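Okay, so here's the structure we're looking at.
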Amino acid sequence: MLLATFPVGQLQCNCSIIVCPETKEAAVIDPGGDPQEIIDRCEKEGYKIKYLLHTHAHFDHIAGARAVKEKTGAKICLHKEDEWLYNNLNKQGMMFGFRFDEPVPIDHYLQDEEELKVGNVKAKVIFTPGHTPGSSCFSMQEKDSVLFAGDTLFHGSIGRTDLWGGSFEQIIKSIKGRLFELDDSTEVIAGHGPNTSIWNERRENPFVAE
Ligand SMILES: [Zn+2]
Ligand SMILES: [Zn+2]
């Protein structure tokens, strides 16, 4: 699996491109902004984007989805519990002073434990509600174990739960019950800021350390 992670949009959401090296099929995780940059990066390498995988529907993780979909035909994937947030993209933006294009319909609802195939690479959905009702993480077990954690788990912190539909109890349960089941060696790509590991967060994260 090839992997590139780079910050997009005003809130610098970490967007990732994962690619099957044999088929050049790709998935973009959290196209939260700068859609042209995402398209250019993929076109330059000859990647075919199959899925746009969203960890949740806050605007800083979905605002680029429509433009990438319209250009590439990729499928927009999101957990159903976040659909109401997705449909209110513009209301979300207004609260932070941004304007966005109306969202286009979701193509595929993510399900807990579902495995999505990107060429010969597999991404497994782990449903982790708390930051939002439909928050989900993506786990990849290739040569190394990698987790795309969205805004559920950060280096030394966790996602805020004071926004629409957030739940502190749920996010703690999701992290301890689901993410900490992963191998300690798992590299965690957070929705914002630096990468971390399950090992590190299990020991040092003040919200969830055991
Ligand atoms: Zn968020
Ligand atoms: Zn975010």
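Points to keep in mind about this one:
- Cα centroid of region 1-49 to Cα centroid of region 76-145, whole Å: 15
- Backbone phi angles across region 190-206, fed through the Karplus curve with coefficients 6.51, -1.76 and 1.60 (θ = phi - 60°), yield HN-Hα couplings of 7, x, 8, x, x, 5, 8, 9, 4, 3, 4, 6, 5, 9, 10, 6, x Hz in residue order; Gly and Pro are listed as x.
- Length-normalised contact order for region 1-118 - Cα pairs under 8 Å, 6+ apart - percent: 21
- Relative to the compact-globule estimate of 2.2 N^0.38 Å, the Cα radius of gyration of the chain comes out at 0.94.
- Taking every alpha-carbon pair under 8 Å whose residues sit at least 6 apart, the chain reaches a relative contact order of 15 percent.
- Charge dipole of the chain (Cα centre as origin; +1 on each Lys and Arg Cβ, -1 on each Asp and Glu Cβ, all else neutral): 280 debye, rounded to the nearest 20.
- The sum of -39500 (n - 2.57) across all DSSP H runs of n ≥ 4, divided by the residue count of the chain, sets its helix-only mean residue ellipticity at 222 nm to -6500 deg cm²/dmol.
- For region 128-177, the alpha-carbon coordinates run over 37, 22, 17 Å along the three principal axes, in decreasing order.
- Cut-off under 5 Å, modelled amide H: who pairs with Glu25 long-range: Cys20, Lys48
Values quoted throughout were computed directly from the atomic coordinates according to the rules given, and no laboratory measurement underlies them. Since the model is a prediction, treat every value here as computed from it, not as a measurement. FYI the Cβ positions are ideal-geometry reconstructions off the backbone, even for glycines, and counts take in every protein chain you see.
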